[in-house]
Protein chains: 2
Amino acid sequence: MILNLTDLPAKMNNHTITAKDVAKLAGVSQSSVSRVYFEGAKVSEKTRLKVIAAAEELGYKPNEFARSLITNRTKIIGLVMKGVQNPFYPQVLKQFTTFFKAHGYSVLFVHTNNEEIQKEDIENLINYKVAGVIITDATMSLKVAESFQESKIPLVFFNRKLYTDNFFSVCCNNLNAGRKIAEFLISKGAKDMIYIAGNTDTSTNQDRQKGFFEVLASHNIPYQKFSSDYTYEGGYNTALQIMEDNVMPNAFFVGNDIMALGVIDALRKNSVTIPTTTRVVGFDNIDMAGWPAYELTTWEQPIVEMVEQTVNYLLAEIHDYTGEAKALELDGRLIDRQTT
Amino acid sequence: MILNLTDLPAKMNNHTITAKDVAKLAGVSQSSVSRVYFEGAKVSEKTRLKVIAAAEELGYKPNEFARSLITNRTKIIGLVMKGVQNPFYPQVLKQFTTFFKAHGYSVLFVHTNNEEIQKEDIENLINYKVAGVIITDATMSLKVAESFQESKIPLVFFNRKLYTDNFFSVCCNNLNAGRKIAEFLISKGAKDMIYIAGNTDTSTNQDRQKGFFEVLASHNIPYQKFSSDYTYEGGYNTALQIMEDNVMPNAFFVGNDIMALGVIDALRKNSVTIPTTTRVVGFDNIDMAGWPAYELTTWEQPIVEMVEQTVNYLLAEIHDYTGEAKALELDGRLIDRQTT
C-alpha cells in the first residue's frame, strides 16, 4: 500500500482518528471499516488487509461505543454503593477497580443516597449497557433484580445475602463469625453481653446477631440487644444511651468497626476502662481498627477473596451467561487486639 | 396508526426494546429510527411521526452508546483518584456523584495505584468518549493533559494547582490557609514549631508550607520541617522519629488530618500531653477530626463549594467548549477544637 502524506491530516494534527479517516486512506467505505472490527461481520480479505494497513498507519482504535452497538454490551461494570463514610466500602471500591482493570473492565460508580437503589440509577445502568452489576450496601426490589436477569446482565450482591435462591451473592460467613465471637468472649470470662445491631434489615446484621445469640443461649449467658445503624455516630449515641440506662455488660459485640469506634469513644468519655471493666469486639477490620488510639479486636472480612470471587463469577457470566444463583460465604478470621 | 398486538413480542416478553422493534412496528427502516433520535439528522416529518408513535407504544428509549456515535461524547465523567484510604477522597467522590447525577451524568471511577495516572487509564477515558475528566490526587504529564485539550475533552485538576496557566484547577486557598494557621498558633503562644509535610511534589503541600513559614519567619518564630507522605502511618512514624531526636516543639502543623491523627497517636503513646505540652493542627476537616478520640483543630476545606464550581465549569465546557484556563482558589475556615 502506498501512503500519501497528504492523506494524514488527522494524525499530524493530533486529532482523534476516526473510522472515516481510515476509510479515506484505505479507499473503502466507512461501513467496511466497521465490519473489519466486529466479530462475525462479513468483509472480503482484500478489504480487511487494506483497512488494517491504514488503521495501523494512522494509529486508529475502534471505540468501545461502536463495538457496544454490535455486541450490545460495554466493558463497564456498574458498582452500586451507599456508605462511603464507612472505610470498608472505599476499600472494596479500590479492590474492584484494581481487579477489573486487570481484565480490561471499567467501573461506573453509582452512589445511592437512599437505602434502596433508585429507578434512575437502574435505567442508567441498563442504558449504558453495562456488562455486569454489583450491589453492595444498597437494597434493591426483587422486581428490579429480575429486570437485570431478563436483560441477561449478570448481577452480584456483595456483602449482602438474599433470602431467595435466585441470585448470586458473596459474603463473609457472618453466622459462623457471630458464633466464634461469642465463644471468644466467653473464653475471656465475659458473664453478660450486649449486641449493638447495625441496620436491622441487612443480612450482615441478622446473621452476625443470630450466630452470636445462638452460642450465648446455649451457654446460658444473659444478653441484651440495642439497635443502631452501622455509623460512628450511631455507635457513640447508642453507648451513651446504654450508660444512661445504667447497664454495663462484661462485653460488647458491635455490628461493625466504625460503630465500635464510636462505642469505645463514648465509654472512654465516661471513664469506662477497656478491657478491664468491659470488652469491645467489632467487625470488618478496617484500617482504623488497628490504630493505636483504638487497637480494636475485630473479625477480619476476607475482602480480597470476596472481590476475587465476585470478579470471577461476573467474567464467566459475561462470557457465557448461565444465570447461576449461589450464596457464596467465605470465612475471615478473628483479630485479637487490646479491647478484649 | 393501527397497532397490531402480534407486533409486540419484545414488550410482552419484557425484552429490551431495540430500534429494530420500533422500525418493524412503524414500518420504516432501522436507520430511519436512528435518524429521528439524533439532532440534525435528516428525516421526513411523516417518518418522524410514525417512529415516535411506535416508540411511545413500545416504551423505546434510544441508548447512550448509539447517541454517542453521533455526538461523539457520552454523558460519562471520568474521575481519577489515588488515595481512597484518606477519607477526604471518598467524600469528594460522593459529592461529585451526587452533583453529576442531578445533571444526568455518570461517574466512571478510575483508581490509580501509582502517583501518576497510567497510559491505559487515559486510553480508556478517551475510548469511552467521556464528556469530561477530573484529576484529584494523581499526577499527569503535561503531554497527557494536552492530549485531552486536543480532543476538546474538558479537564479539571481538583485539589491540585498547576504551575502553568493552561489548565483549569479548583483548590482551597492553601497558601492563605497556611498563613492563618501560623497566626492562630502564634496567638496561642507557641514559641517554636514543626511542619510535617505531605508528598513534597504536591501543590497542596507546597502552598500550605509556604504560607505557614512566611508568617513564622516574619514573626521570628523558629521552625523545622519533617517530610512525610499524607498517610496515617507516615504521620505516626514521623512523630516517633521526632521524639527519638528529642525535639519537642510548642506546636505541630501537620499537612493533612489523616497524618495529624497518626501524630496525635504517636505523641500519646509517649505520654506527650496535648495541648499542654504541644499543640497539633491538621488540614481537611475529615469526619474523624471531630471524633471525641481526637477533637483535632484543623482547616476545613470547602468541599461542597469546590465540587460545585468544578461541576459548573465542566457542564459549561461540555455545552460550549472554550478551553478556559483558570486557577480557582476557595477559602475554607479554621475549626478550633481541643488539640490547640
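The values are calculated or read from the model by the stated rules, or taken from the named source; none is laboratory data. Bear in mind that the values here come from a model prediction, so they are computed numbers and not experimental data. Virtual Cβ from ideal backbone geometry, glycine too; neighbours counted across all protein chains shown.
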Practice prompt. Would you be able to say whether some residue in the range B:210-220 is within 14 Å of chain A (Cβ to nearest Cβ) and part of a helix (DSSP H, G or I)?
Written response: no
Worksheet item: Going by the conditions given, is residue A:14 under 24 Å from residue A:319 (Cβ atoms) and either loosely packed, with under 15 Cβ neighbours inside 10 Å or modelled with pLDDT of 85 or more (or both)?
Response: no
Worksheet entry | Which listed residue, of B:264, B:274, is in contact with a Ser or Thr (Cβ under 6 Å, 6 or more places away or on another chain) and either free of Cβ contacts under 8 Å to residues at least 12 places away in the same chain or over 30 Å from residue B:75 (Cα atoms) (or both) | B:274
Item to complete: Please identify the pairs in which a residue from the range A:221-239 that is within 19 Å of residue A:211 (Cα to Cα) and among the hydroxyl-bearing types (Ser, Thr, Tyr) has its Cβ atom under 9 Å from the Cβ atom of a residue that is in a loop (DSSP other than H, G, I, E, B) and modelled with pLDDT of 95 or more, counting only partners at least 6 apart or on another chain.
Response: A:223/A:192; A:223/A:249; A:227/A:198; A:228/A:198; A:228/A:255; A:230/A:198; A:230/A:255; A:230/A:256
Fill in: Verdict on residue B:199 being in the same structural domain as residue B:97 (by TED's automatic domain parsing) and among the polar types (S, T, N, Q)
no
Practice prompt. Answer yes or no: is there a residue in the range A:117-126 that is closer than 29 Å to residue A:289 by Cα and either of a type outside the set (Val, Ile, Thr) or at the interface with chain B (Cβ under 8 Å from one of its Cβ atoms) (or both).
Written response: no
Item to complete: Taking the residues in the range B:93-125 that are farther than 17 Å from residue B:83 by Cα and surrounded by fewer than 18 Cβ atoms within 10 Å (Cβ to Cβ) as candidates, determine which candidate is nearest to the chain's Cα centre (by Cα).
Response: B:98
Discussion item. Yes or no: the range B:105-115 includes at least one residue that is closer than 13 Å to residue A:107 by Cα, in a strand (DSSP E or B), at pLDDT 85 or above and among the β-branched types (Val, Ile, Thr).
Written reply: yes
Worksheet item: Yes or no: residue A:277 crowded, with 23+ Cβ neighbours inside 10 Å and at pLDDT 95 or above?
Response: no
Discussion item. Tell me whether the range A:129-141 contains one or more residues that are away from chain B (no Cβ under 12 Å), assigned to a helix (DSSP H, G or I), within 15 Å of residue A:166 (Cα to Cα) and out of contact with any Cys (no Cβ under 7 Å at 6 or more places or on another chain).
Written reply: no
Item to complete: Just need a number here: residues in the range B:152-172 that are more than 16 Å from the chain's Cα centre (by Cα) and more than 15 Å from residue B:322 (Cβ to Cβ).
Response: 2
Discussion item. Being buried (at least 24 other Cβ atoms within 10 Å of the Cβ), of a type in the set (D, E, K, R) and more than 26 Å from residue B:240 (Cβ to Cβ): is that true of residue A:257 here?
Written reply: no
